[in-house]
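The numbers here are math on the coordinates, done by the rules we state, and not lab data. Remember, predicted model here, so these are calculated numbers, not experimental data. Positions of Cβ are generated from backbone atoms using ideal geometry, with glycine treated the same way; all protein chains shown enter the neighbour counts.
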């Protein structure tokens with residue numbers, strides 16, 4: 001998350017919790033664009049990064065969590081799945097082929113979730 005995104009998130013949290021009474025005051029407090037903050041708060045717009053992530057994701061977060069649980073179950077049984085097995089599992093679930101690098105990007109993106117269990 002970009003440094004400015006953290007400030008925008010903090011400003012949105014202040015607004016949602018009633019810590020600041022207006023978008024203008026939150027924008028000033030966190031030194032973020034009033035227009036951006038207003039769009040996100042009043043109209044539910046998301047950041048460009050979040051939009052791209054959501055539009056390019058094959059699986060929703062709950063499905064990714066289920067995939068991680070399956071991988072972890074296999075690892076606990078001492079048979080960690082290969083990239084080819086993960087790929088086959090996802091393709092069977094989705095009913096269509098996935099990109100050549102999808103599994104690698106998934107593992108990179110969710111590495112913390114895969115390592116900490």
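A few remarks follow.
- Highest mean packing first, where packing is the average number of other Cβ atoms within 10 Å per residue, the peptides 93-101, 78-86 line up as 78-86, 93-101.
- Intensity falloff of the stretch 58-115 expressed as log10 I(q)/I(0), Debye formula with alpha-carbon point scatterers, at q = 0.30 Å⁻¹: -1.58
- Listed peptides 68-74, 22-28 appear in the order 22-28, 68-74 once ranked by packing, highest mean of other Cβ atoms within 10 Å at the front.
- For the stretch 58-115, the relative contact order is 28 percent, taking Cα pairs closer than 8 Å that sit 6 or more residues apart in sequence and dividing their mean separation by the residue count.
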